[in-house]
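Engineer: Have a look at the structure that comes next, please.
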Amino acid sequence: MKMYIRSAASISAQKTFGDVPFLTDAVEYNDTRINAIEPDYRDYIDPKQVRRMSHVIKMGVAAAKECLKHAGIEMPGGIITGTAYGCLEDTITFLTRMIELEEEMLPPTAFIQSTHNTVAAQIALMLQCHQYNNTFVHKGVSFESALLDAMMLLNEQEADNILVGGIDEMTDVSFKILTRLGLYKRKPISNLSLFQTQSNGTIGGEGAAFFLLTDKSSANNLAELTGIKTFYKPKQQQDIEGNINDFLADNSLTIQDIDLIITGRNGDVKNDAVYNNLNNSLFKECSIANYKHLCGEYPTSIAFALWLASNMVKQGIVPDIVAEDVIKNQSPKKILIYNHYQNNYHSLMLISAC
């Protein structure tokens, strides 16, 4: 059974939300973290509710509503989200107040909204959607797990028009902790020259991207989600190449059939060694694009890559800002996304023109 992406919406550190040109005006940051450009949430959420919502909930709800608007659908057949960190801001607020108030007279709002499934629940409450609702918290493959669940639901004909999202936020506390653990760079750097600097660490990011999945063919669909695969902790480079070749073979393709490969290169020497090795072997003759200099690194950033690939296929454009070198086919029909998170969680997605 074929799976289609009917519509997509993304809130990111770039101008990607709403009716805007497709990455023609890249936003530059000189920092070790980049925050999402937030829309006016009052266009999507009742102002009285906005006050009580944390940053990640507002991002998720707005992106979900925009996605449904693009699809012309009022009620999805299911809501599935993937998030590694969940509602960090509310969790930190609750824990801080617990200490400050010595565990007495704690306001409950932050605790209620601190669970990982709050975003999916809030979307369902606002839409009055009583259908399937699930959240996956699987570290670096949280969004991929949500997509796989949606694909299984469609295969079993349990639901149609399934809303799937990947959301993660960056807070001051989490940024400090992850910097201390060596995930991010120690000195500010321009995100647009991220790949020119050989150093440890990357730049922190955040974002929300939602997609409406259907098994119905339509001229309005953005792209076909042909396949998805995840694998964990490959022991050596040959294992990675083997998984990629097997994935392509399962879809009756070879690497020569791929018009463009989007990789998860993030500017960290250790992280990018995997991609450098592939560029010198399996990907040697392929056109390559990158995306993390635009959105930053976070566990569900591959959702931004899927938004990017879907729009590339639909619009027949590869924005200059994502191209690593010369792009042989400026109107790609088959795009392979390959990303790994901390070299533990590896993901492959295949996107095709409808």
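Values quoted throughout were computed directly from the atomic coordinates according to the rules given, and no laboratory measurement underlies them. The structure displayed is predicted, hence computed values, not measured ones. Cβ atoms come from the backbone with ideal geometry, glycine included; neighbour counts cover every protein chain shown.
Engineer: Give or take rounding to whole Å, what are the principal axis extents of the alpha carbon atoms in the chain, in descending order?
Structural biologist: 63, 47, 38
Engineer: How would you classify segment 204-265 from its alpha-carbon gyration tensor, with a ≥ b ≥ c the square roots of the eigenvalues: rounded for a/c under 1.5, else prolate if a/b is greater than b/c, otherwise oblate? Show your work: numbers first, answer last.
Structural biologist: Values: a/c = 2.22, a/b = 1.34, b/c = 1.66.
Cα axes put segment 204-265 in the oblate bin.
Engineer: Could I ask something else about it? Compare the Cα positions of N311, S331, T263 along the charge dipole of segment 209-354 (+1 at Cβ of Lys, Arg; -1 at Cβ of Asp, Glu; about the Cα centre) and return the one farthest towards the positive end.
Structural biologist: Toward the positive end, the furthest listed residue is N311.
Engineer: A further question follows. Give me the three principal axis extents of segment 80-163 from the C-alpha atoms, as integers in angstrom, largest value leading.
Structural biologist: 51, 30, 13
Engineer: Assign one of three labels to segment 246-300, namely rounded, prolate or oblate, based on the Cα gyration tensor with a ≥ b ≥ c the square roots of its eigenvalues; rounded applies when a/c is under 1.5, prolate when it is not and a/b is larger than b/c, and oblate otherwise.
Structural biologist: Numbers: a/c = 2.11, a/b = 1.69, b/c = 1.25.
Prolate is the answer for segment 246-300, as a/c is 1.5 or above and a/b outweighs b/c.
Engineer: Of the listed pairs K187/K292; K48/K139; K139/K270; K65/K233; K58/K270, which have alpha-carbon separations greater than 28 Å here? Can you show the working numbers first?
Structural biologist: On the way: K187/K292 18 Å; K48/K139 33 Å; K139/K270 19 Å; K65/K233 36 Å; K58/K270 34 Å.
In this structure, K48/K139; K65/K233; K58/K270 exceed 28 Å between Cα atoms.
Engineer: Which Cα, out of I92, P76, N133, lies furthest along the positive dipole direction of segment 4-214 (beta carbon charges, K/R +1, D/E -1)?
Structural biologist: Sorting the options by dipole projection puts first I92.
Engineer: Kindly provide log₁₀ I(q)/I(0) values, in the same order as q = 0.11 Å⁻¹, from the Debye equation applied to equal alpha-carbon scatterers of segment 4-214.
Structural biologist: -0.57
Engineer: Let me ask you something else. Only helical DSSP H runs with n ≥ 4 go in: add -39500 (n - 2.57) per run for the chain, normalise by residue count and round the 222 nm mean residue ellipticity to 500 deg cm²/dmol. Kindly include the intermediate steps, with their values, before the conclusion.
Structural biologist: Values: 11 runs with 114 residues, N = 354.
Result for the chain, helices only: -9500 deg cm²/dmol.
Engineer: Which distance in Å, rounded to a whole number, links the C-alpha centroids of segment 123-200 and segment 207-244?
Structural biologist: 14 Å
Engineer: Obtain the radius of gyration and the Kirkwood radius of segment 223-352 from its C-alpha atoms and give Rg over Rh. All intermediate terms of the calculation are to be shown ahead of the outcome.
Structural biologist: Working: Rg = 13.3 Å, Rh = 14.5 Å.
Value, to two decimals: 0.91.
Engineer: Give me the percent relative contact order of the chain, please, defined on Cα pairs under 8 angstrom at least 6 residues apart.
Structural biologist: 24 percent
Engineer: Peptides 19-31, 1-13: what's the order by average Cβ count within 10 Å, highest mean first? Walk me through the numbers on the way to the answer.
Structural biologist: On the way: 19-31: 12.9, 1-13: 22.3.
Those peptides, ordered most packed to least, come out 1-13, 19-31.
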